[in-house]
Structure formats: C-alpha cells, structure tokens
Amino acid sequence: MNMKRIFLTLVLLAGSACGLMAQEASYALIDMQYLMGKIPAYKTATDRIESSTKAWNAEIEQLNKQAATLYQKYQQDLAQLSAQDRVARENAIVGIEEEARTKQMQYFGPKGEVVKLQEQLIKPIQDQIYEAVKLISQRRGYLIVFDRASAGGVIIFADPIADISNDVLSVLGIK
C-alpha cells in the first residue's frame, strides 16, 4: 500500500514536471497567406505564373479544338474515304491529340513548366519568409511557429498576440 502511494506520487510529480515544461515551451503563429499578400514580389510572381498558365492552356485547347474539327470532318467524309485515307486521317487526329497530351505534361506535369516557374519565382520568397521567421524565433526563443493559414495547421483558437506575421514583414522590410 505504501509502495503504491509512493509510485502514485512519483507519477503525479513527473506529470506535473511535463506539464510545466510544456507550458514553458514557446510558440508563435504566422499567417502565410497574409504574408504573401503583403509581399509585392509574390503578386508579381503569381501574375506571371497565371499569365503563362493561361497561354499554355490556350495552346492546349487550340490543339484539342483542331483535333475535334478534324474528327468531325472525318466523320462527315467517312463513307467516301478509302481505307488508306481513313488511316491517314485517324493518324492525323491521334497525332494532334498526342501532341496536346504531351504539351499538357510538359506544362502542367509533375516536372512541368508551372512547377519550374513556382520553384524559380515563389520558392525564393518562401525562403526569405523562412529566414525571417527563423531570425525572430531565435531572438524571442520560439520553439515552434505554426502557420495558421495552412490546411495542416488547423488551430481552433489562438491569441492574436502570438501572431508574428507583421514582425516577419518588418524583418523583410515591408510595411
């Protein structure tokens, strides 16, 4: 009985110590969407990516329309075409459709032009934000900084005093 009491006391003390350590852990919040919205280079980068995306989509759409038009014409002329002409037209249609798929992958695939543009234009901005957050965290002793805007960083409640987004902008030289 006495051993149980000592064990229970030790467990409670250990639990209290863990609770105190957790309370001492310092954290902060940022809002990445807010930060990005305040950085002019981000707006310029997203505008450029959007413009390129529209142009590439138009190019692919044009190829798809061309293939659809050729297919309609093929359907209309089918009865009058020789076997050799049918094969030639079918190959032409398939070739254009394949070109459209190739362009789709070239522009929007996992290693496509959009990904390259994001890497070239957006990543440096994200790196600057990371460095600013790291600097502030080291100065103020924050152990963890959460992005309140990310899908994975769901926060039900946060005291606005913990949000250091404006401090990050200040370190980046943005008012």
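The values are calculated or read from the model by the stated rules, or taken from the named source; none is laboratory data. Note that the structure is predicted; figures quoted are calculated from it, not measured. Positions of Cβ are backbone-derived with ideal geometry, glycine not excepted, and every protein chain shown enters the neighbour counts. These accessible areas exclude ligands, DNA and RNA; they are computed on the full protein's heavy atoms, side chains included. Shrake-Rupley method; radii C 1.70, N 1.55, O 1.52, S 1.80 Å.
A few notes on this one:
- Within the stretch 6-121, helices (runs of 4 or more DSSP H) holding 3 or more residues that are more than 34 Å from the chain's Cα centre (by Cα) and modelled with pLDDT of 95 or more: 40-77, 83-108
- Here residue 134 fulfils each of the conditions (1) open to solvent by 90 Å² or more (accessible area, probe 1.4 Å); (2) more than 21 Å from residue 47 (Cα to Cα); (3) among the basic types (Lys, Arg); (4) under 22 Å from the mean Cα position of the chain (by Cα) apart from (1).
- Within the stretch 137-151, considering residues that are open to solvent by less than 80 Å² (accessible area, probe 1.4 Å) and part of a loop (DSSP other than H, G, I, E, B), the one farthest from residue 36 (Cα to Cα): 141
- Any chance residue 127 is open to solvent by less than 80 Å² (accessible area, probe 1.4 Å), farther than 30 Å from residue 56 by Cα, free of Cβ contacts under 8 Å to residues at least 24 places away in the same chain and not in a strand (DSSP E or B): no
- Residue selected from the stretch 102-120 under the condition surrounded by 13 or more Cβ atoms within 10 Å (Cβ to Cβ) and charged (D, E, K, R), by the criterion farthest from residue 61 (Cα to Cα): 113
- Residue count, the stretch 65-101 (criterion: within 30 Å of residue 50 (Cβ to Cβ), open to solvent by less than 80 Å² (accessible area, probe 1.4 Å) and in contact (Cβ under 8 Å) with a residue 24 or more places away in the chain): 4
- Scanning the stretch 34-64 for residues that are β-branched (Val, Ile, Thr) and open to solvent by less than 70 Å² (accessible area, probe 1.4 Å) yields 39, 46, 49, 53, 60.
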